[in-house]
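The values are calculated or read from the model by the stated rules, or taken from the named source; none is laboratory data. Just so we're clear, the structure is a prediction, and the values are computed from it rather than from any experiment. With ideal geometry, Cβ positions are generated from the backbone for all residues, glycine too; neighbour counts draw on all protein chains shown.
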Amino acid sequence: MSLPISHSDSFSLVEQLPILQILVPFVSAPLIVFIGNRTIAWWITFLASLISLLISINLLLLVNDGSIISYHIGGWAPPIGIEYRVDALNAFVLVLIALISTIVAPYAYKSVGNEIPKEHHTLFYAAYLLCVTGLMGVVITGDVFNVFVFLEISSLASYVLISLGSHRDKRALTSAFNYLIIGTIGATFFVIGIGLLYMVTGTLNMIDMAGLLEGKSSSSTVRSAFAFIIVGVGLKLAIYPLHIWLPKAYTFAPSFITAFLAATATKVAIYILLRFMFTIFRPSFLEELNVLNFVILPLSIAAMIIASLIAIFQKDFKGLLAYSSIAQVGYILLGISIMSESGLTAAIIHLFNHGITKVALFMVAGAYVIKRGGSLLTNLQGAGFTMPWTSAAAVVGCLSLIGVPGTAGFISKWILVEAAIENGKWPLAIVIIFSSLLAVVYCGRVIETLYFKNGNDETIVNESPLTMLISIWIASLACIYFGLSTDITISVSDLAAKMLYLK
Amino acid sequence: MINWEFIIGHLNYWFFIVLMMTGLYIVIAKGNLVKKVVGLNIFQTSVFMFYISIGKVIGGTAPIFPVDMKIDNNIVYSNPLPHVLILTAIVVGVATTSLALALIVRIREEYGTIEEDEIFIIEHELDSSNKTPNTYKENGHF
Amino acid sequence: MLFAFYVQFHGDYSPGGGFQAGVIMAVGIIIYGIVFDMEHAKKVLPPWFVHKMLAFGVLLYTFTGVISFFRGQNFLDYSALSRHSPTHGQHYGILIIELGVGITVSGVMIAIFYAFASRTSEINDAEW
């Protein structure tokens, strides 16, 4: 069977960028196992992340004018074949993933060396790269079933990575197991939703499906598909009542993995949610069901307030940050549920800014694990004096989490408040400010223990290793940079929001 | 008035729902970790069944084209795509199950039990003891 | 194992293929391990070699896809593999891909067997 294929004999790398984005980390993973040397494994991880970053920036530049790149795997044209489809939104999320991966890579060298037994290093890096591949695949693909496959690749890899934290604390095993059970239920719900959609439309391509779903919004099959997908993705992204797996998984995973997953995994799930809500089901469907006002909005407010309150009473720095992550997911969902272009812009910007902030904070937590023997707040007493640079980065991260002017967190919260007021939903603005006040309380607790509770009167400076400090400070400076220079983030997320809303 | 035609006509969906609920119930209600994994498998299998049942076309035959490529448009073929999708999903399911079982083996080694309530007690002690978690070197596993 | 090779290379136009062949191949080693001893099985196929095997299979798979880049076509477009006709190219393509799948599958099966079987059991027989 020969197929009509357009034979373009010229070899051009730019055309192949979408697949290279997936292939680079994917090929690196078996390569690491094949070579089987610890140091080389780290170098391959670092280089693969760097190359992915360059590719994703290139892609972002290509689609920054509002165009769409469509790549057909194996030369099979959609809707039959699998299509990789890049527009402003995916390109932005891809840059986030690759950027985080590049930032945490230098940090990994010491952190992994300290927390994982040596004989597991090569397999650890291979699993990590598979996780990166999965997350990027979810974002780049334009085929709904492919989303599920990549989602499971990344999830399976992250279960393994989290369970490897068991060498520090055996509770990592049970938290990985719980995450596995809940994550698999979520993924299965997601597949049921896809199956129902396939029943109605007979296609798996996102754009094709969106066209065929037009005018079928009253069908109960479509509605139940929507419900299944929302719940399935909700389990993965830790919407407020479905978040039980997250705090423990983040607390007991190896620090390097926590930093990476906290900044990317939930963000990718939010991307899926955005893609399904706006590209496939269209805003008109959402308005008809009024699902945002009745489901997402109350849940996001609950997340912002309750999760922040729980964060205040955490004993573990990592646990505190994990609950704060749930609250921040609430902010992003709030932006989505405002149901306007400006709300979406706010959500997309906060997705990026929160990723940068959290990676900095979780890396700081990992540095304390190494130098202080743990991340409990009691371990942190007086660390402000013995680890001045690390703790300064913690303060920057905390300020960005609260949303102090001059940091990345301020920009996204400002736009969020603006969007809420613009749409006449000023009570939401009050909720946002109240939740920020709660953030002041839990961040204040951290800073207090760091600087004002000098338990053992240590004054000898015992700073974290240089490679870790470099990563931590790149992330912290990024927090400040994206808080001062907002041209890039705002213009891209504005474009992405426009494309989502109009399509 | 019970609409029998509706109930019988959607028989595969009823089976799917029953199987799915059985699986979910086992996952939630059973304390034994292995039983949870079994429940998860039943849950996933229900979805596989669901996909395959929607791929069936009444009177359809196996979707293989004749060698000479003379395709008769009158022959009804079943839809092969759901089967392909489910093949992938089954592989994913197997990977999940094996990973879950491997984790259970490790949990058994560390905790000495695979009953959820007993693990809860041990974890609660760990949580409240406020003890600094050891690094692996001091823990002596390796 | 001969049967495994048969299934492997005839998978193109009759039932069979990489998955099945890989499992049959692995079963050969696993039965050997059960009948004789783990030690003997590991002498025939050392664990480090198994790890390399499964990495090599995946690399082979992606390598096949990457070749088509350099012939100016998209990823995994087998038609680019043969100069004479796209159909031949597709035959070669599926053959190499299935070989990659087969190597990986058998590698994974053997690796799982090694990992579980060489774990010293903590549960003694009385507990069963």
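Return the residue satisfying two criteria in turn: it lies in segment A:108-166 and is closer than 30 Å to A:D87 by Cα and among the polar types (S, T, N, Q), and of such residues it is surrounded by the fewest Cβ atoms within 10 Å (Cβ to Cβ).
Out of the qualifying residues, it is A:N146.
So that you can scan it fast, the table gives a plain yes or no per residue for (1) over 27 Å from A:R372 (Cβ atoms); (2) surrounded by 15 or more Cβ atoms within 10 Å (Cβ to Cβ); (3) at pLDDT below 85:
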residue	(1), (2), (3)
B:L99	yes, yes, no
B:I107	yes, yes, no
B:G112	yes, no, yes
B:E115	yes, no, yes
B:F120	yes, no, yes
B:N130	no, no, yes
B:N134	no, yes, yes
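Of everything in segment A:197-215 that's in a helix (DSSP H, G or I) and within 9 Å of another protein chain (Cβ to nearest Cβ), which residue is nearest to B:G93 (Cα to Cα)?
If we take residues in segment A:197-215 being in a helix (DSSP H, G or I) and within 9 Å of another protein chain (Cβ to nearest Cβ), then A:Y198 is nearest to B:G93 (Cα to Cα).
Considering segment A:114-162 alone, what residues qualify as being of a type in the set (S, T, N, Q) and modelled with pLDDT under 90?
Result: A:N114, A:T122, A:T141, A:N146.
Could you count how many residues in segment A:435-465 are out of contact with any Lys or Arg (no Cβ under 9 Å at 6 or more places or on another chain) and either closer than 26 Å to A:I100 by Cβ or at pLDDT 75 or above (or both)?
Counting residues in segment A:435-465 that are out of contact with any Lys or Arg (no Cβ under 9 Å at 6 or more places or on another chain) and either closer than 26 Å to A:I100 by Cβ or at pLDDT 75 or above (or both) gives 17.
Exactly one condition in (1) in contact with a helix residue (DSSP H, G or I) (Cβ under 6 Å, 6 or more places away or on another chain); (2) more than 10 Å from every other protein chain (Cβ to nearest Cβ); (3) among the aliphatic types (A, V, I, L, M) is not met by A:A172; state its number.
Here A:A172 clears every test but (2).
Taking the conditions exactly as written (modelled with pLDDT of 90 or more, hydroxyl-bearing (S, T, Y) and in a helix (DSSP H, G or I)), does A:S166 satisfy them or not?
no
Within segment B:101-128, how many residues are among the hydroxyl-bearing types (S, T, Y) and more than 9 Å from chain A (Cβ to nearest Cβ)?
The number of residues fulfilling the criteria is 2.
Working carefully through the options A:I51, A:I97, find the one that is assigned to a helix (DSSP H, G or I) and in contact (Cβ under 8 Å) with a residue 60 or more places away in the chain.
Exactly one residue qualifies, and that residue is A:I97.
Among the residues of segment A:468-490, write down those that are of a type in the set (S, T, Y) and at pLDDT 85 or above.
Answer for segment A:468-490, where residues must be of a type in the set (S, T, Y) and at pLDDT 85 or above: A:S471, A:S476, A:Y481.
Condition check: in contact (Cβ under 8 Å) with a residue 12 or more places away in the chain, out of contact with any Leu (no Cβ under 9 Å at 6 or more places or on another chain) and farther than 20 Å from A:L320 by Cβ. Does A:S255 satisfy that?
Here the answer is no, as A:S255 does not meet what is asked.
All but one of (1) buried (at least 16 other Cβ atoms within 10 Å of the Cβ); (2) β-branched (V, I, T); (3) away from chain C (no Cβ under 12 Å) hold for A:I32; which doesn't?
Among (1) buried (at least 16 other Cβ atoms within 10 Å of the Cβ); (2) β-branched (V, I, T); (3) away from chain C (no Cβ under 12 Å), the lone unmet condition for A:I32 is (3).
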